[in-house]
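**Student:** Let me give you the structure first, and then I'll get to my questions.
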Amino acid sequence: MTRQQLDSYITEKYSSLAEYPWQSAPSFAVYRHDNNKKWFAVIMDIPKSKLGLGEDGKISVVNLKADSMLIGSLIANDGVYPAYHMNKNHWITVELTDKTSPEQIFWLLEMSYDLTNVKVINKA
C-alpha cells in the first residue's frame, strides 16, 4: 500500500482530510477526528535508519494508536515498529510496503480511530 492509497482510504472511510502542520516536515500528513481534534494517523516519509533498517534512503510509514496490551505482539510482526517520534506505549509505526498487507493496515487504522474517538458514557 502506498501513502497515496492510504490517504484516499482515510479520506473516503473517515471523511478526514490530511493536514500538514509542520513547515519543517511538509510531507507529514496528520489525520484527526472532527469532534475532538485527536490524531488517529500520521503518514510520514522518514529515513530508514530511524527504524533501525540499516539502509540509506527514506520509507513511507504510518503512525497509529494501538491498544497498549497488544503493542508487544504487534511489533513482533514484520513491518511494525515501536512508534517513531511518539509514545511507544500507545503508538506503533507501520511500513507502507509489501511487508504489511492492506487488511492489516486497515485493521490497525480502525483500532487507532476507535481508541482516539470520543467515548460515550452510558448513564443509566
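**Student:** Kindly provide the Kirkwood hydrodynamic radius of the chain in Å, to one decimal, from all pairs of distinct alpha carbon atoms.
**Tutor:** 14.9 Å
**Student:** So, one more: What's the tally of Lys pairs in the chain whose alpha-carbon atoms lie under 15 angstrom apart, where the two lysines are 8 or more places apart or on different chains?
**Tutor:** Summing the qualifying lysine pairs gives 9.
**Student:** Ok, one more. Show that you can apply the helix-only estimate: for the chain, add -39,500 (n - 2.57) for every DSSP H stretch of four or more residues, divide by all residues, and state [θ] at 222 nm to the nearest 500.
**Tutor:** -7500 deg cm²/dmol
**Student:** About its Cα centre, what dipole magnitude does the chain give when the only charges are +1 on Lys and Arg Cβ and -1 on Asp and Glu Cβ, stated in debye to the nearest 20?
**Tutor:** Dipole size: approximately 520 debye.
**Student:** Any idea which of F106, Y81, I71 is furthest toward the positive side of the dipole for the chain, if Lys and Arg beta-carbons carry +1 and Asp and Glu beta-carbons -1?
**Tutor:** So the residue we want is I71.
**Student:** In degrees from 0 to 90, rounded to the nearest 10, what is the angle of the helix 102-116 Cα long axis to the longest principal axis of the chain?
**Tutor:** Taking the Cα atoms of the chain, the angle to 102-116 is about 50 degrees.
Any read-out appearing in this document is the output of simple, stated calculations on the displayed coordinates, not a laboratory observation. Remember, predicted model here, so these are calculated numbers, not experimental data. Don't worry about glycine lacking a Cβ; one is built from the backbone with ideal geometry, like all the others, and counts go over all protein chains shown.
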